[in-house]
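Take a look at the structure below.
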Amino acid sequence: MKILRTPDSCFAGLRDYPFEPQYTTIKTHDGQDLRIHHIDEGPRDGAIVLCIHGQPVWSYLYRKMIPHLTSAGLRVICPDLVGYGKSDKPAAREDYTYERQVEWMGAWLEQNDFSGLTFFGQDWGGLIGLRLVAAHSDRFDNVVIGNTGLPYNPDVPQAMVDEVEDYRANAPTPTLFGMSKELRSLSWGGKASNPALIFAVWQKFCWETVHPPFGLMLSMMSEQQPTLMKVARALLHKLGMRAPLPSSVAKAYDAPFPSAEYAMGPRAMPSQVPSLPTSPSLEQQRLAWEFFESFDKPFVCAFADDDPVTKGGDAIFLNRVPGTKGQPHTTIKGAGHFLQETRPKEVSQVIIDVVARSAA
C-alpha cells in the first residue's frame, strides 16, 4: 500500500488553528506504519470529549468549539481520520473501506488508551464514531451526535437499487452546482422517490471529480459572504478555476490536499456509505444497531433543522436507543450541515451540559 503524507508546509500560517500536533503510529493490515494526527487541548484532568470529523473536512472543523469546551474544564481530543488533515493518506481507492476506517480509529483509540469519553460526531464522524462506541463501549460514558447517522437499509426495493447502480455507472459526472441543487431536494423520509439516487449524485461527484474543490465548497456553505463575492466565485469556478478567490477558511480546508493524489480518502468515502442492501458493511451495521438498541448510557441528539442530508435523522435514534429517553435533545436552527462552523457555541453547550449531568 502506497502511503502519502501532506508536507507540514501546507499547514503553515493557518488562521485560528494554533494547536500542537500529536501523532500516533498504528499498523496497517499489511504491516506498514500509518501515522494518525490528533490535537489534545484543555486540562489533563478534565473529562475527555472525543470529537470526530466527517468528509471532506478535518480537525480544523473543531477550532471554534475547542475554546468553549476547554473553558468549561473539558479536555478535547480531535483526531484526523486516515486520509484527512495531517494524518497519513493511503493513495489508492481500494485502500479505503468503512471497516478499515473503523479498525484504524479503533487501533488509535486503544493505543492512546482514552477512556471515560464523551463522544461527539457529525457526518462520517458519527458513522465511524458510533461504530467505535459499539466496539469499545467500556471507554465511553456519553454520546452526542449531530447531523449524522448509522445507515442500515436492507429492504430497499431491487428496482431502486438498479436505478442507483445504473446512475453510478452511466450518468455524466455532476457539476459542483448541479450536485448542490440535487442535494437540496434530498429527504430520507419518503418525500423523495428514491433518496439513495439523490445521494448518489454526491457519491458520483466526489469519485469522478479528480481534485474536488473542498475549500470552495466549505467556504460557500459556512461563511457569510457578500452576494457579489459568491457570484464571482461561482462564475470563476464555472470558467475552470478550482479555488477562486479563496478565503482563509477555504485555504485551510484545501491544505491537506495540495494535489489530486492526496485526495483519495474524501473522494472514496461517500461511495462507502451503506445506503443500499448491496452495500458493504451491511452486517456490521446490523450488529451495531443491535448494540444500540440496548445502549442505556446518555445519548443526546443535536441536529440542524435545515441540513438536507440528515434533517430528521435523529428520529431513528430517539425511537430505538434507550439512552435517548429523558435527555434534553435539541434542534439547532439554521446551522446547515457543518454546525461546528456555524453554531459552535450552541453545539459546545450541548456537550458541556451532557458531561455536567453525567458527573452530577
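Taking one quarter of the surface of the C-alpha convex hull of the range 95-177 gives a mean projected area of 8.0 nm².
Farthest towards the positive end of the charge dipole of the chain, among the residues Ser248, Pro18, Leu4, is the Cα of Ser248, using unit charges on the Cβ of Lys, Arg, Asp and Glu. Around the Cα centre of the range 158-272, unit charges on the Cβ atoms of Lys, Arg, Asp and Glu (plus for the first two, minus for the last two) sum to a dipole of about 460 debye. Return P(r) of the range 268-317 (all Cα-Cα pairs; 5 Å bins starting at 0; whole %; ordered from short to long distances). Per 5 Å bin, starting at zero, the Cα-Cα P(r) for the range 268-317 comes out as 4, 16, 18, 22, 24, 14, 2 percent. When Ser71, Ser248 are arranged by Cβ crowding within 10 Å, least crowded first, meaning fewest neighbours, the order is Ser71, Ser248. Note on the chain: with charges restricted to the Cβ of Lys and Arg (+1) and Asp and Glu (-1), its dipole about the Cα centre is near 1000 debye.
Between Ala169 and Ala260, the FRET efficiency from the beta-carbon distance, with R0 = 25 Å, is close to 0.65. Shown here for the range 237-342: trypsin sites (Lys or Arg not before Pro) in loop regions (DSSP other than H, G, I, E, B) with at most 10 other Cβ atoms within 10 Å, namely Lys325, Lys333. Compute the distance from the alpha-carbon center of the range 293-317 to that of the range 73-119, in whole Å. What the calculation gives is 22 Å, centre to centre.
Overall shape: oblate for the range 110-263, with the ratio a/c of the largest to smallest alpha carbon gyration tensor axis at 1.5 or above and b/c at least equal to a/b.
The charge dipole of the range 207-318, taken about its Cα centre with unit charges on the Cβ of Lys, Arg, Asp and Glu (plus for the first two, minus for the last two), comes to roughly 600 debye. Note that the chain shows a convex hull volume over its alpha carbon atoms of 133 Å³ per residue.
Values in this text are rule-based calculations from the coordinates and carry no lab data. None of the values given here were measured: they were computed from a predicted structure. Positions of Cβ are generated from backbone atoms using ideal geometry, with glycine treated the same way; all protein chains shown enter the neighbour counts.
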